[in-house]
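Shown next, in structure tokens, is the structure this report addresses.
The values are calculated or read from the model by the stated rules, or taken from the named source; none is laboratory data. Just so it is clear, the model here is predicted, and its values are computed rather than measured. Don't worry about glycine lacking a Cβ; one is built from the backbone with ideal geometry, like all the others, and counts go over all protein chains shown. Side chains included, ligands, DNA and RNA excluded: accessible areas come from the protein's heavy atoms. Shrake-Rupley method; radii C 1.70, N 1.55, O 1.52, S 1.80 Å.
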Amino acid sequence: MGELLAWLCLHPENEYSVTGLAARTNSSQATMSREADRLADAGLTLERRAKALDQMSPC
């Protein structure tokens, strides 16, 4: 989770897909999805769900 949070904090100007973040952090999409949910639940990120794409951005 630290690598994900660091990436988001260092690049707050964009939204990122779970798939893209998984590729950037060399993680599985399932793992990244769980981590994204945890960060959103903690109020550290905003989550936007689109039809075929989940997007996430720092708060």
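Every residue in the stretch 12-29 that is open to solvent by 30 Å² or more (accessible area, probe 1.4 Å) and touching a residue at least 40 places away in the same chain (Cβ under 8 Å), please.
12, 14, 15
Taking only the stretch 1-16 into account, find how many residues are in a loop (DSSP other than H, G, I, E, B) and closer than 22 Å to residue 50 by Cβ.
5
Filter the stretch 11-38 for residues that are within 14 Å of residue 1 (Cβ to Cβ) and of a type in the set (Val, Ile, Thr) and give the result.
Of everything in the stretch 11-38, those that are within 14 Å of residue 1 (Cβ to Cβ) and of a type in the set (Val, Ile, Thr) turn out to be 18, 25, 31.
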